[in-house]
Amino acid sequence: MDNTEESAIELHGDEEIIEVIDLNDTEPGPDDLADGLGDVDFEDPGNPEDDNEGWETEDEMEAEAEQDDSELTFSKHTGSVFCVSLDPATNSLAVTGGEDDKAYVWRVSDGEVVMECTGHKDSVTCAMFSHDSSLVASGDMSGLIKVWKVETKEEIWSFEVGDLEWLEWHPCAPVLLAGTNYGNVWMWKIPAGDCKTFESPACQATSGKVLPDGKRAVVGYEDGTVRVWDLKHGNAIHVIKGQDGHQGALTCLACNKDGSLMLTGSVDGCAKLVNTTTGKVVGVFSVEGGKAKGSKDEEESNSVESVGFCNILPLIAVAYLDGTLAIYDLSTQVLRHRCQHEAGIVHLQWEESSSVVSTCSLDGALRLWDARSGNLLSEEASLAVTASGDNQAKVFCLQRPDR
């Protein structure tokens with residue numbers, strides 16, 4: 001029947017008209033079909049009965065992009081989360097500090113807030129528990145430092161130092177250290193507030209670490225110098241500089257279990273092994289390559305972002321901004337494994353009693369590696385809490401297949 005009236009088309013759900021095609025009375029020839037398909041890319045048709053096979057829907061693509069393997073997400077912060085620390089006594093509490101000028105102490109099991117640390121003047125960039133988890137120190141970019149008692153949820157001490165770079169608790173006493181932008185390092189007894197300063201030339205104190213004996217602290221500076229300080233007498237026991245020091249700012253520090261050795265990392269692309277008793281450099285580690293991924297500056301070196309010692313084997317790990325995790329044999333100083341990431345590594349952490357090292361990188365992924373084989377562990381065993389610029393902290397509880 002010849003029907004000249006327009007037919008009504010009923011659309012369902014999210015359907016929409018993409019294209020209107022005129023149908024001719026004549027059968028199309030091979031040339032017509034070739035012309036019509038000239039701009040089409042052909043792939044394996046798969047199962048012809050399922051027109052959607054091989055295609056990702058918008059919802060599926062969003063779900064893939066938003067994949068979240070965490071056990072819990074803490075979202076109380078209203079700005080980027082800059083720092084996170086687990087309580088060393090039980091690993092049941094976390095403290096996070098952020099761009100919203102606040103720090104929160106919260107339970108990792110359910111995300112419930114235990115304490116809100118307020119009164120800061122700027123972004124909270126340092127937040128950590130004391131050795132026994134009874135105290136929390138929080139510090140902001142303006143230099144305001146506050147100490148809170150977890151049990152009573154009250155502020156018990158505060159001090160202002162100017163531009164703050166880092167905070168570090170003493171490993172066995174309620175003593176707090178802080179490094180500043182203008183180079184001085186402060187030390188206080190908490191809550192009495194008895195104070196001592198360790199002065200150095202006007203050069204930013206970029207990193208610091210109290211050694212396990214509790215009597216010495218290692219501080220790295222922007223000019224590449226490393227100083228080992230006597231905490232009781234206030235003098236520098238060793239000053240490592242010049243050719244022995246780094247040729248750029250210190251980025252990270254770590255020591256072995258007994259404090260006899262320390263590792264230093266720098267923007268100059270090198271990690272150095274130092275004997276803390278003699279102050280002598282006994283090893284230098286670097287990887288070939290030269291500059292970080294995505295760097296526009298040809299002179300920019302491949303910065304060392306994190307270093308660490310394995311507690312059970314003579315191994316060390318060095319993490320680079322180009323995404324390289326290098327595992328070295330400590331006794332021979334030979335590179336054993338080079339574990340590559342797609343994005344720069346920002347932090348590494350050895351497990352307390354195994355040869356597994358975890359890495360956090362700029363692609364937002366947490367990975368665990370077996371340092372003995374250099375293999376990536378697809379399933380892991382550890383508790384990790386991460387901080388991010390998306391205003392969130394996440395708890396990961398990961399189970400390795402051998403546990």
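Brief remarks on what is shown
- Residue ranges of strands (runs of 3 or more DSSP E) in region 202-277 with at least 1 members touching a residue at least 40 places away in the same chain (Cβ under 8 Å), out of contact with any Cys (no Cβ under 9 Å at 6 or more places or on another chain) and among the aromatic types (Phe, Trp, Tyr): 226-230
- Residue match in region 327-339 (condition: buried (at least 19 other Cβ atoms within 10 Å of the Cβ), touching a strand residue (DSSP E or B) at 6+ places or on another chain (Cβ under 7 Å), β-branched (Val, Ile, Thr) and under 25 Å from Ser70 (Cβ atoms)): no
- In region 144-160, the residues that are without any contact (Cβ under 8 Å) to a residue 40 or more places away in the chain and under 15 Å from Met128 (Cα atoms) reach residues that are of a type in the set (Lys, Arg) and part of a loop (DSSP other than H, G, I, E, B) with C-beta atoms within less than 6 angstrom, at least six apart or across chains, in these pairs: Leu144/Lys121.
- For region 312-345, residues that are out of contact with any Pro (no Cβ under 7 Å at 6 or more places or on another chain), in a loop (DSSP other than H, G, I, E, B) and free of Cβ contacts under 8 Å to residues at least 24 places away in the same chain total 4.
- The residues listed here are Leu253, Leu263; of these, the one that is crowded, with 21+ Cβ neighbours inside 10 Å and farther than 22 Å from Leu164 by Cβ is Leu263.
- Any chance Val147 is of a type in the set (A, V, I, L, M, F, W, C), at pLDDT 95 or above and either more than 25 Å from Gly98 (Cβ to Cβ) or over 22 Å from the mean Cα position of the chain (by Cα) (or both): yes
- Number of positions in region 63-78 that are within 19 Å of the chain's Cα centre (by Cα), open to solvent by 50 Å² or more (accessible area, probe 1.4 Å) and small (Gly, Ala, Ser): 1
- Of all the listed residues (Val124, Val114, Val81, Val95), the sole one being in contact with a Phe, Trp or Tyr (Cβ under 9 Å, 6 or more places away or on another chain), open to solvent by less than 50 Å² (accessible area, probe 1.4 Å), at pLDDT below 95 and of a type in the set (Val, Ile, Thr) is Val81.
- Within region 105-132, if we keep just the residues that are polar (S, T, N, Q) and out of contact with any strand residue (DSSP E or B) (no Cβ under 7 Å at 6 or more places or on another chain), the residue that is farthest from Gly389 (Cα to Cα) turns out to be Ser109.
The values are calculated or read from the model by the stated rules, or taken from the named source; none is laboratory data. Quick caveat: nothing in here was measured; it's all calculated off a predicted structure. Every residue, glycine among them, receives a Cβ derived from its backbone with ideal geometry; neighbour counts consider all protein chains shown. With ligands, DNA and RNA removed, areas are computed over all heavy atoms of the protein, side chains included. Shrake-Rupley method; radii C 1.70, N 1.55, O 1.52, S 1.80 Å.
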